[in-house]
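I have placed the structure first, in the form of structure tokens, so that the comments after it can refer back to it.
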Amino acid sequence: MAATVSVSKGVFVFKNGAKAASKKSRTKDKRTQSLYCDSLWYKTYKSLWESIETQIQELNNAMFSNILCSLVNFLKNCYKDTVSEIPAAALLTGINMPDHSVQFKTLKKEIKRSITPHVVTLSGEDCHSLKYLVEIMVNQLVKSEQLIDEDSDSDTRQIKKSQCSFTLLQAWYEELYQPPGTANSPKKQKTKHNKNIIVVIIPDFENFAPKVLQDFIQIASSYLNVLPFVFVFGVATSLNAVHRSLPCYVSSRINIQVFHSTPSTVYLNNILENILFSRQCPFHLGGKVFNLFTDIFLFYDLSVSGFIQNFKYAMLEHFCYGNVMALCQRKHIKQIISDFSHDDLENARRLMSFRKLVESESPEARIALLTDDNYFRNVLLREVRKIVAYLPNLHLFLRCLHVLVGDLPKAPLGKQVRELYACAVSRNITKSQEYKECFQLLAFQSRDELCNKVKRITDLIVNNSEGLEVGRVITDRLNRFLDNLHNLDQEEDENEVAQEGISELMGRLQLREKLLQMSKQNKPMNKYEKIRSGLLNFLSEQFEIYLQEPTDFHFHEIFFFNDISVQTHIIGSHRAAIHTALNDPHVYLQCPCCEIATDSVILPSMPDISIVYKLHLECGKMINLYDWLQSFLSIVDPQETEDNPKVSPQLQARFTQAVAELEYLGFIKSSKRKTDHVARLTWGG
Amino acid sequence: MMSTLSRLESTLPCRSSQIGQLYNLFGHNEEPFPGSVYISGGPSVGKSIVVSRVLEEVGVKHAVINMIECYTSKILYETILSKLCGLVDTKCENMMDFIDHLQRNRSEIHRSVLIIDKADKLRTMDFNIFPGFLKLKELTGGIHISVIFLSQIILQKFYSKTNIVEPIQITFPQYNKDELLEILTLDIDYARNLIINNAKGGGFEFDVDFYRNYLNVFLSVFYRNCRDLTELRYIARSNFLNYCQPIISKENTISDSLALWRKVAPTLKQALQNLYLRVSTVTLPQSLELPFYAKYLLIAAYLASYNPAKDDKRLFMKYHGKKTKTLRDVKKKSKVSEQLNTVLGPKPFSFDRLLAIFYSIVEDKVGFNNNLLVQVSSLVELQLLSSLSDSSSLDGAKYKCNVNFDFIQTVCKMVGFNIRKYLSDFSHM
């Protein structure tokens, strides 16, 4: 018992409990980590995920840097001239706040680094009234300064939250930037020359109570000559939202500059093309799963961070299959395979595509594959290497194909690389109907367009095939085609075939015959057309070689994750989950007593609520409570009800509680229309 | 003595009668101050500046309190004490403490004036503040202190059951066109700077008449729509460069005012569209990116808001039976536009109805899952829908659609949906 100086009886708080708890949780973390951290697959997963995460971070920063630059420039210059209105930047972010919180954090950091230490972020949830808003803002501003000055300033007095008002802010600001003549500490003198602006960031403009914001802007504008405020609004919908919530006497106090951020579809495409579809990421999503994720993105939420989380989940699911997934990387494959234990190899033998491999082999080889570990190691190494060689080519040629077909009319294969990818990993893209359509359309392309595209393809191959022999061969061929196309200019005129003129003096019948004849006979291809068809044939051949289906490869499961069952984990469906839980509790409880063959069976061993729920499914819109109770009793206690018309109080209490629980879950509600009845609220099930 | 008055009148044009009144009240050293003065007038008619300038000129100590800042009475009292008496860090919770503090600093505040700006806020604060301030001289036991209220509403709005002492009232009327012209002409220095800074190589000197010409042209377009001085000054400043553009590019001379007028008129008409908006860049045509199903949910919400529920069966079901034409239907066809649902404003609808309409207008099968439901709440968060029931009730949540017909039409165009087909307003066409 710790001693206190107090003589009164009571409960006293000793402030060491919290620390102990946090220590505990940390040790717990360590314990859960140690479960997997030795396994091979976990190490691979971890290193891969970390590299992807850092890459995404970098890409984020690079993408946001553009808009960040212009914003920072705006903030820097907004007080160059004297202002009569508060400068404000409206950043049109697009819907999805969670995605943008990172951006605003970066913005805040950047402002702190390069412009001013006085930055505040205000969120709508905290600022219900003007009082809270001002208190939070002033507190943040004054506190942040104190943290820096803590060692130098001896008289940092504690400021209570209720004291925070604009008067305090003004006093604080004037003290900070008093004219150099009266300044006493040398350290402060450095900052004297230019007063730093005060930036107020409001990331979720729509969530802010308009009244609070109006008052705040009016106050801030009345202090404009003393406190140089700048606002940054994050607007999710459109600028209309600003005008809707600020009346003209408020909006005349601010001067809004609009900034646009990149739409989230562009953002996702960038992440996909630069990170996930690159040689750095050996883990691939199969067609079904990939389509699922992109559908969630496009149809439901447009959230890139959601997409990344889904991707991460798929990775986890993929890697925890077993140690054989440790092979899902580009290097050290030989090393890893030779380290594999017998169990790990068994793990590999359980992959579905291994069966196909066995079936295709001769009987002796089959036995060797199944029993001889060393033989199997060699086969595994050979097959995995095949896939490792295939993957970069897949991406490269997908991009080439994208260049070729992305801008075709109606874009049969889609306009984005991701659409091509989804097609290529789920079936053989070169055999598909859309692919054929595309090449038919390509056969009508003009020379300039085609030249341009071929040029871009060669550039792509040159830039991306480091040390790949095939790359050089292909580019050589393509360059030759290009040269031919360019040289065409001079030759064309000479080779112009003189058209057989249709002589004017011809009978109508003759003319018709002539025209018929002309339409039947194939026009001889001119030189350009010949080159074009040659070129397209060549490209098509290349695509057929490199754009194979992943399932053609043995052990493709190591690199491609195509288990659609993740759907149930990714897309929550609470109503179905509740229904299953109540209708068939065995699914969740896993107890032997509640196992049922069909849905309609009701066992007395089930939880009360589940019995009541199952009984209510059989009822109509109104449920008679007494009948319900009787059927409940007949299941829970069959003998008792037959002998004794009086209901035991325990059972009735159990029933009442179960009904109350159902009401709480929203399945029924009490009704005033009929006495002793409740109304059913859900249908089907 | 008259020189102060004339000096004031020259710096603050068009307000001579008000300045005279104020001067009479506060300008004479030997006279006692009035107890309280109530000044009313619309926005930007010069209330604050006139009052503070007059008091400065006659050398009366005064403090300006902005009521928006004083969201609690505590802050109000403490701000007054710190500004008037120089008392920092005093605690003052109520009127009695406040009076007490004032009495202790009697000598300090002798012959001083308290100016309460945005006094309309007083109506929503504690009941005793406004009457208390009206009688401040009496309550403090005869300290020579006066209170000036600046407000946009008339005094009658303050009347309550308890009688209040009638203060002296001064009204600031709105400026008329000539007065606006005169005041805006004072802005000529800014305009000159603008020309010198922005006209590369083509800077020129101009006189007051040239600027007045511009303002005449400018007011002829804007006076009908806007009398707010600050707004007019803002627009006048931002459009002056456009007016001078032909001179800078040496197409016209300064004296050619008619040609200048003809050239600037379209620009001014365009600026009229952006009145009060204060957007410095031309915004791109707005494109709101919403997920596919969220768009359909929004369309469904619009349909639910602007169609009567009894028409749902006819609009969304395949076999809804034949409808016999009655005389009422025929009459309905000749509806005047004021009775159209789309004009009348959104009606609330239940969540179930929203989902039912959503499922009937979306062609492919959509799973009913959490991601879909989250969309509804995120639409509410974006203020495209508004929730009418409180969040605690689980079933029967009601919503309203906040977007207008033009907006929903652009959304429909994006997903290729013909909304007119499903609106009962258009069904007879």
Inset, instruction - Select, from A:ALA326, A:ALA348, A:ALA411, the only residue that is modelled with pLDDT under 85 and at positive phi. - result: A:ALA411
Inset, instruction - For the range A:407-450, enumerate the residues that are under 28 Å from the mean Cα position of the chain (by Cα) and in a loop (DSSP other than H, G, I, E, B). - result: A:ASP407, A:LYS410, A:ALA411, A:PRO412, A:LEU413, A:GLY414, A:LYS415, A:GLN416, A:ARG427, A:ASN428
Legend entry - Scan of the range B:35-89 for residues that are in contact with a Pro (Cβ under 8 Å, 6 or more places away or on another chain) and either within 10 Å of chain A (Cβ to nearest Cβ) or closer than 16 Å to B:ILE109 by Cα (or both), ordered by number: B:GLY35, B:SER36
Inset, instruction - Take the range B:111-150 and flag every residue that is over 24 Å from B:GLY41 (Cα atoms) and either in a strand (DSSP E or B) or among the basic types (Lys, Arg) (or both). - result: B:ARG111, B:LYS137
Inset, instruction - Give me a count of the residues in the range B:223-254 that are outside any helix (DSSP H, G or I) and either within 14 Å of chain A (Cβ to nearest Cβ) or closer than 21 Å to B:LEU184 by Cβ (or both). - result: 7
Legend entry - the range A:215-239 residues that are within 30 Å of A:ILE95 (Cβ to Cβ) and within 12 Å of chain B (Cβ to nearest Cβ), paired with ones that are among the small types (Gly, Ala, Ser) and assigned to a helix (DSSP H, G or I) (beta carbon under 7 Å, 6 or more apart): A:VAL235/A:ALA241
Legend entry - Residues (within 14 Å of chain B (Cβ to nearest Cβ), buried (at least 17 other Cβ atoms within 10 Å of the Cβ) and in a loop (DSSP other than H, G, I, E, B)) located in the range A:548-572: A:ILE571
Inset, instruction - Among residues belonging to the range A:306-336 that are buried (at least 17 other Cβ atoms within 10 Å of the Cβ) and within 9 Å of the chain's Cα centre (by Cα), point out the one that is nearest to the other protein chains (Cβ to nearest Cβ). - result: A:GLY306
Inset, instruction - Go through (1) farther than 22 Å from A:GLN214 by Cβ; (2) in a loop (DSSP other than H, G, I, E, B) one by one and return the number of the condition B:ILE153 breaks. - result: (1)
Legend entry - Verdict on A:VAL266 being of a type outside the set (S, T, N, Q) and either surrounded by fewer than 17 Cβ atoms within 10 Å (Cβ to Cβ) or outside any helix (DSSP H, G or I) (or both): yes
Legend entry - Candidate set: the range A:249-260, residues that are over 13 Å from A:SER238 (Cβ atoms) and either β-branched (Val, Ile, Thr) or touching a Gly at 6+ places or on another chain (Cβ under 8 Å) (or both); chosen: the one nearest to the other protein chains (Cβ to nearest Cβ): A:ILE254
Legend entry - Members of the range B:286-307 found to be of a type in the set (Phe, Trp, Tyr) and more than 7 Å from every other protein chain (Cβ to nearest Cβ), listed by number: B:TYR296, B:TYR302, B:TYR306
Inset, instruction - With the checklist (1) more than 25 Å from A:ILE531 (Cβ to Cβ); (2) of a type in the set (D, E, K, R); (3) touching a Leu at 6+ places or on another chain (Cβ under 6 Å) in hand, flag the one item A:GLU361 doesn't pass. - result: (3)
Legend entry - Failed item, numbered, when B:LYS177 is tested on (1) of a type outside the set (S, T, N, Q); (2) under 30 Å from A:ILE254 (Cβ atoms); (3) buried (at least 16 other Cβ atoms within 10 Å of the Cβ): (3)
Inset, instruction - Name the one entry in A:ALA209, A:ALA241, A:ALA236 that is among the hydrophobic types (A, V, I, L, M, F, W, C) and at pLDDT 85 or above. - result: A:ALA209
Inset, instruction - For the range B:121-135, indicate whether the set of residues that are assigned by TED's automatic domain parsing to the domain that holds B:ILE65, modelled with pLDDT of 85 or more and touching a strand residue (DSSP E or B) at 6+ places or on another chain (Cβ under 7 Å) is non-empty. - result: yes
Inset, instruction - Please report, ordered by residue number, the helices (runs of 4 or more DSSP H) entirely within the range A:589-660 with at least 2 residues that are surrounded by 15 or more Cβ atoms within 10 Å (Cβ to Cβ) and not charged (D, E, K, R). - result: A:608-617, A:625-636
Legend entry - Residue check for A:HIS118: of a type outside the set (Phe, Trp, Tyr) and more than 25 Å from A:THR265 (Cα to Cα): yes
Legend entry - Exclusive hit being of a type in the set (A, V, I, L, M) and modelled with pLDDT of 85 or more, set B:ILE183, B:ILE164: B:ILE183
Inset, instruction - For the range A:159-169, indicate whether the set of residues that are within 25 Å of A:ASP81 (Cα to Cα), at pLDDT below 85 and touching an Asp or Glu at 6+ places or on another chain (Cβ under 6 Å) is non-empty. - result: yes
Inset, instruction - List the number of the failed condition for B:ILE153; all other conditions in (1) free of Cβ contacts under 8 Å to residues at least 40 places away in the same chain; (2) within 25 Å of B:TYR77 (Cα to Cα) hold. - result: (1)
Legend entry - Only listed residue being modelled with pLDDT under 90, within 12 Å of another protein chain (Cβ to nearest Cβ) and assigned to a helix (DSSP H, G or I), chosen from B:VAL330, B:VAL343, B:VAL376: B:VAL376
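The values are calculated or read from the model by the stated rules, or taken from the named source; none is laboratory data. In this text the structure is predicted, and so the values were computed from the model without any measurement. Reconstructed Cβ throughout: ideal geometry from the backbone, glycine too, with neighbour counts over all protein chains shown.
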